[in-house]
Amino acid sequence: MIKNKELVTFAGNAVTLVGNQVKVGDVAPDFNVLRGDLTPAKLSDFKGQKVVIAVYPSIDTGVCQAQNRKFNEAASKLENAVVLSISCDLPFAQGRFCATEGLDNIVTLSDHRDVDFGTKYGFLVDELRLLARGTVVVNEEGVVSFVEYVSEITDEPNYEAALAAL
């Protein structure tokens, strides 16, 4: 398992990302996560669509909430595209937040059980067992067309660059 300590910080302190960072041009690895009803979901469930994977540490923080609101708004305007919002939060917490906020254009998915997404995409923060913040865009052919590992986890991602990659 690859560990990278130079890539991101959390509140100014370097943290270790576990797994393989994906790069533009890579075939996007399939992964297993959980939907809000605890049924399995995987990237291949969205085959043939453009996919924005919005990655964040915890729905219980203001920056993560803002990120979900922003991608939910963007998702309402996308054609042949889906926004997958992934964290290690329990599916119930993700669902509660989205229900309270009226966010129904994103698909929330939980990586809490197996951290399969986190390790396959290199977003798992070893010290916290949370995901780092970032965005991955996958085209209709299943190839990564944009990747951002946000250098400071407490900062928001570059929404415009991610959406432009669609």
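Numbers at a glance
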| read-out | value |
| --- | --- |
| Residues satisfying the stated conditions in the stretch 12-55, i.e. under 20 Å from R96 (Cβ atoms) and either part of a loop (DSSP other than H, G, I, E, B) or out of contact with any helix residue (DSSP H, G or I) (no Cβ under 6 Å at 6 or more places or on another chain) (or both) | R35, G36, D37, L38, T39, A41, V55 |
| Out of T16, T39, T100, sole residue that is of a type outside the set (G, A, S), closer than 25 Å to G142 by Cβ and surrounded by fewer than 18 Cβ atoms within 10 Å (Cβ to Cβ) | T39 |
| Test: residue in the stretch 82-89 that is over 17 Å from A162 (Cα atoms) and touching a His at 6+ places or on another chain (Cβ under 6 Å) | yes |
| Unmet criterion (only one of (1) over 17 Å from V33 (Cα atoms); (2) within 11 Å of the chain's Cα centre (by Cα); (3) among the hydrophobic types (A, V, I, L, M, F, W, C)) for L128 | (2) |
| Residue that is closer than 18 Å to G62 by Cβ and among the hydrophobic types (A, V, I, L, M, F, W, C), where the choices are V144, V107, V150 | V150 |
| Flag for D114 being within 19 Å of F31 (Cβ to Cβ), surrounded by fewer than 16 Cβ atoms within 10 Å (Cβ to Cβ) and touching a residue at least 12 places away in the same chain (Cβ under 8 Å) | yes |
| Matching option when the condition is at pLDDT 95 or above and surrounded by fewer than 19 Cβ atoms within 10 Å (Cβ to Cβ), among L84, L78, L90 | L90 |
| Every residue from the stretch 148-166 that is touching a strand residue (DSSP E or B) at 6+ places or on another chain (Cβ under 6 Å) and either surrounded by 20 or more Cβ atoms within 10 Å (Cβ to Cβ) or among the small types (G, A, S) (or both) | Y149, V150, S151, I153, P157, A162, A165 |
| Residues that are buried (at least 23 other Cβ atoms within 10 Å of the Cβ) and among the hydrophobic types (A, V, I, L, M, F, W, C), drawn from the stretch 131-145 | L131, A132, V136, V137, V138 |
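Residue-wise test of (1) of a type outside the set (S, T, Y); (2) touching a helix residue (DSSP H, G or I) at 6+ places or on another chain (Cβ under 8 Å); (3) closer than 19 Å to D37 by Cβ.
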{"site": "T61", "(1), (2), (3)": "no, no, no"}
{"site": "A74", "(1), (2), (3)": "yes, yes, no"}
{"site": "C98", "(1), (2), (3)": "yes, yes, yes"}
{"site": "T108", "(1), (2), (3)": "no, yes, yes"}
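Let's see how each residue does on (1) of a type in the set (V, I, T); (2) modelled with pLDDT under 95; (3) over 14 Å from L43 (Cα atoms):
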{"position": "H112", "(1), (2), (3)": "no, no, yes"}
{"position": "D116", "(1), (2), (3)": "no, no, no"}
{"position": "T119", "(1), (2), (3)": "yes, no, yes"}
{"position": "G122", "(1), (2), (3)": "no, no, yes"}
{"position": "T135", "(1), (2), (3)": "yes, no, yes"}
{"position": "Y149", "(1), (2), (3)": "no, no, yes"}
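The values are calculated or read from the model by the stated rules, or taken from the named source; none is laboratory data. Not measured: the values here are computed from a predicted model. Note that we place each Cβ from the backbone using ideal geometry, even for glycine, and neighbour counts take in every protein chain shown.
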